Amino acid sequence: MMRQNPGPAPLLEVRDVSKSFGAVAAVAGVSFPLYAGEAHALVGENGAGKSTIVKMLAGVHRPDTGTLVLDGAPVDFGSPAEARAAGIAVIYQEPTLFPDLSVAENIVMGRHPRGRLGMIDRAAVRAEAEGLFSRLGVRIDVERPARGLSIADQQIVEIAKALGADARLLIMDEPTAALSLVEVERLFTVAGTLREEGAAIMFISHRFEEITALCQRVTVMRDGRHVSTDPIDDLTVEEMVRRMVGRDLDALFPKQEVEPGAVVLEVEGLARQGVFRDISFSVRAGEIVALAGLVGSGRSEVVQAVFGVDERDAGSVRLKGKRLRAGSPRAAMAAGMALVPEDRRQQGLLMDLSIERNVNLPRSGALARLGFLFGGGERREARRWTERLRTRYGRLSDAVGTLSGGNQQKVVLAKWLATDPRVLIVDEPTRGIDVGTKAEVHRLMSALAAEGVAVLMVSSELPEVLGMADRVLIMREGRIVAEIPRAEATEDSVMFAAMGQEAAA
Amino acid sequence: MNATKAATPRRRMAAPQAIFSTVFKARESGIVLALILLIAFTATRNSRFLSAQSIRDILLGTAILAVLAVGQAIVMITRNIDLSVGSVLGLSAFAVGSLLRDNQGVPVIVALLAGLVLGGACGVLNGVLVRFGQVPALGTLYALRGVNYLWAGGQQINADRLPESFLDFGNQAILGVPWLVLIGLVVLAVATIVLRGYRAGRELYAMGSSPQAAELAGIKVSRNTIAAFLVSGALAGLAGVLFAARFGTIDAAAGTGYELNVVAAAVVGGVAVFGGSGTVWGASLGALLLTVIGSCLAVLDINQFWQQAIVGALILLAIGADRLVASRVARALRKRDSHV
């Protein structure tokens, strides 16, 4: 692709900014420029300070020292409203929607088009929302409330919201984590158009293929510090990773060879009306089985029904030959099953509670003495598991919400591993976490399988599926359409099965 | 392109929207139905219940409660609660009563404005305390009541000390509509229009629906919170003047316990305790229902104790229905969505 010369003056310049929270320096002395007409990637491990930079640009945090320079003049955003007024729009990692309001109102909130007597022009609100969705090539009913939208749809509404703001600087903080391939392509087309119209784009992602596809320049951060800023063509992916981690990574997917043992988990004829049907499969001890497919193909719903969070209409689940009661996670846990859910903020953690309380939650019954939880046992257990997972935290009594995304994910894993499961179900185990943590999670899953745990993994990341799984089950439209052994699983074979006839036609 | 084709079959979800609007209508028509049944039953037992005097009493009582409920609904929509309204009403009633007693020539409109301003000032105080002091308006409930006792002492303002014109205003009608009811309707109409049709109104819903998202969307949360309390306080002050005009007798205890009736009216009328949804129209219907219940019990000669129990049951019913409907709707939305 031809890269335009961005010209000498950046649209916005981050100049030597620092920000500390308590004793922790989240960002220290970081500088980089953002040019109009250019997409700029910001990469780094979780906890490297990327989100803090985003929040400073968005007016949520004020830099302790250093300045932001917009159009050559220093600016000081006291609130998100001021940053918005300066033409900065942000797509946050976690959707920030108003569940009670309609999709259309979510998009125009704070800048409703107005008509007679300053009243909101409802027709214009609707038209604007529909126009944005058609640019993104999706159809979402704009009059429905935002409550109940899937994570992917919520993310699309977030994107429409930011596009509607007519931003000069569009910041995207991992916008693609929940999106399907098609939606990602659409988003990139729209972002490309904005860039050609002269907007600056700042893009944060853990997916290197997306970064190289969209961006012209890349800034690497590590431990709150600036490492480098280069044109993207001057940097290989390996070099980027090396700079992010500060060392060479071992093989990313260290799956050990394990001779599978006896069948541990048997699922037969599982069905839920309108969601999935005829789901039958088994997982043996020491085996990692991946459940692949497009977003919305019913993968998460299946594992939720297996674990008993969701009801099922038909079918049976057996663990070591013993039939599990439907709709009872308690029974599943008692039988030795653990589920690490997809959405850790909503389903995996109690954000306001301490790390140790979160880790011990599923076992608080077993740890309690005479019905009370005493600090000692709780701390010991929590320390054992957080250490095995190399979780980084201040104190065990800190609220989980204060940890970075990768470390939160480790706490969720620790919580379930502490129950010593025979069957471990993980739903998107590495979504939104950095390369280093990813490798640790993969190593851990592999080690667990080697210890004889049966692992069932839902994942949207093909390299992870191909690298980790002994067998890949592919779901499409609520059914398992293919089963591919490790030796035959390739990017093409899995994608072909997941897309089905539509891709062929 | 194939990509377009793959995207098209997703999301077609008009149905849950339809469910939503029927739910909201269901709440309001439920109240109307309850009202009709209640009135019909009581009227067959005691024909005096539908006399002009009785209807007028109900409407006047409703007007005062509805003015308060509109203010309360506005605050509750932002995920706050204003528990000081009963005290503000009492303070305003006593202050305006004293003003009129000592200055017989003061016109009614000045009395109304005085109530609005006094109440608004109390509201701003509440808003600042809630927003910046992180303390609920419970404190001001007692503080303002205390001020009132301190000021009024044991004295009482009686109707014979108040100007004739003011008392007329409380009991007379223009074109068949009592002044109090007219004021209530104007308040309701203005609040409805602002909440539905203006940015400020929509921002209040947004703040209640998700406080963090509201900050990020650039909504001036502090300013709007204080404004909501200001409106609630001002309306409580206005209600105090209406109260004084209607009853003519005011002491330091006027309006004690009103705050809970007002919250009950709003909740029964479908205003969510956790913010983000509900209408002032629903809250006013709730006020009407509560007033009618009180009046029916009196006419049917049933112990006042039952009134409390019935209001309690209604609140449980209202919140229970909300929960039930919310989970149903959530399930319906999920079902539609996963239909890929």
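Measuring nothing but protein heavy atoms, the accessible surface of chain A at 1.4 Å probe radius is 48 percent carbon and sulfur. Residue-wise HN-Hα couplings along segment B:206-222, as the Karplus relation 6.51 cos²θ - 1.76 cosθ + 1.60 with θ = phi - 60° gives them from phi, are 4, 4, x, 6, 7, x, 5, 4, 5, 4, 5, 7, x, 6, 7, 5, 4 Hz; Gly and Pro carry x. An oblate overall shape is assigned to segment A:40-185, the ratio a/c of its alpha-carbon gyration tensor axes (a ≥ b ≥ c) being 1.5 or greater and a/b not exceeding b/c. Cross-link pairs exceeding 24 Å in C-alpha to C-alpha distance, out of A:LYS55/B:LYS220; A:LYS55/A:LYS161; A:LYS161/A:LYS410; A:LYS19/A:LYS415; A:LYS50/A:LYS410; A:LYS50/B:LYS220, comprise A:LYS161/A:LYS410; A:LYS19/A:LYS415; A:LYS50/B:LYS220. Rolling a 1.4 Å probe over the protein heavy atoms leaves A:PHE203 with an accessible area of roughly 0 Å².
For segment A:185-201, 3J(HN,Hα) computed residue by residue from phi via the Karplus equation (6.51, -1.76, 1.60; θ = phi - 60°) reads 4, 4, 4, 5, 4, 5, 4, x, 4, 4, 4, 5, 6, x, 7, 9, 10 Hz, glycine and proline entered as x. Mind checking the angle between helix A:405-417 and chain A's longest principal axis? C-alpha axes, 0 to 90 degrees, to the nearest 10. Value to nearest ten degrees: 10. When only Cα pairs below 8 angstrom with a gap of at least 6 residues are kept, chain A shows a relative contact order of 15 percent. Across segment A:141-294, C-alpha contacts under 8 Å between residues 6 or more apart give a mean separation that, scaled by the residue count, equals a relative contact order of 13 percent.
Accessible surface area normalised per residue over the protein assembly as shown is 43 Å², counting heavy atoms of protein chains with a 1.4 Å rolling probe. Dipole size of the protein assembly as shown about its Cα centre, with +1 on Lys/Arg Cβ and -1 on Asp/Glu Cβ: approximately 1720 debye, rounded to the nearest 20. Taking every protein chain into account, the 1.4 Å probe leaves B:THR44 with about 110 Å² of accessible area, to the nearest ten. Mean-square fluctuations from a GNM of chain B, with a 10 angstrom spring cutoff on Cα atoms, peak among B:THR140, B:THR279, B:THR192 at B:THR192.
Here each label is just a point 7 Å from Cα along the line to Cβ, and for B:LEU175 and A:THR65 those points are 7.1 nm apart.
Take every Cα pair under 8 Å whose residues are at least 6 apart in sequence, average their separation, divide by the length of chain B, and the relative contact order is 34 percent.
Placing unit charges on each Cβ (+1 for Lys and Arg, -1 for Asp and Glu) gives chain A a dipole about its Cα centre, and among A:ALA414, A:SER280, A:MET221 the Cα reaching farthest toward its positive end belongs to A:ALA414. The residues A:PHE208, B:PHE132, A:PHE98, sorted by heavy-atom accessible surface at 1.4 Å with ligands and nucleic acids left out, run B:PHE132, A:PHE208, A:PHE98 from largest to smallest. Accessible area per residue (1.4 Å probe, heavy atoms of protein chains only) ranks A:HIS442, A:HIS206 as A:HIS206, A:HIS442, with the largest value leading.
Rounded if a/c is under 1.5, else prolate if a/b beats b/c, else oblate: with a ≥ b ≥ c from the C-alpha gyration tensor eigenvalues square-rooted, which is segment B:76-193? Don't skip to the answer; put the middle values down first.
Numbers: a/c = 2.65, a/b = 1.31, b/c = 2.03.
It is oblate, given that a/c is not under 1.5 and a/b is not larger than b/c.
In this assembly, the B-A interface accounts for approximately 4000 Å² of buried accessible surface in total, computed with a 1.4 Å probe and without ligands, DNA or RNA. Amide H contacts under 5 Å for A:LEU339: A:ILE425, restricted to partners 5 or more places along the chain or on a different chain, H placed in the peptide plane at 1.01 Å from N. Annotation: amide H-H contacts under 5 Å for A:ILE91 (H modelled 1.01 Å from N, sequence separation of 5 or more, or interchain): A:ILE171, A:MET172, A:ASP173. Computed from the Cβ-Cβ distance with R0 of 56 Å, the FRET efficiency linking A:SER397 to B:LEU113 stands at 0.50.
Between B:VAL117, B:VAL190, B:VAL130, where does the largest GNM mean-square fluctuation fall for chain B, given springs only between Cα atoms within less than 10 Å? Judging by the Gaussian network model, the answer is B:VAL190.
The values are calculated or read from the model by the stated rules, or taken from the named source; none is laboratory data. Here the structure is a predicted model, which means the values were calculated and not measured. Note that we place each Cβ from the backbone using ideal geometry, even for glycine, and neighbour counts take in every protein chain shown. Calculation scope for accessible area: heavy atoms of the full protein, side chains included, ligands and nucleic acids excluded. Shrake-Rupley method; radii C 1.70, N 1.55, O 1.52, S 1.80 Å.
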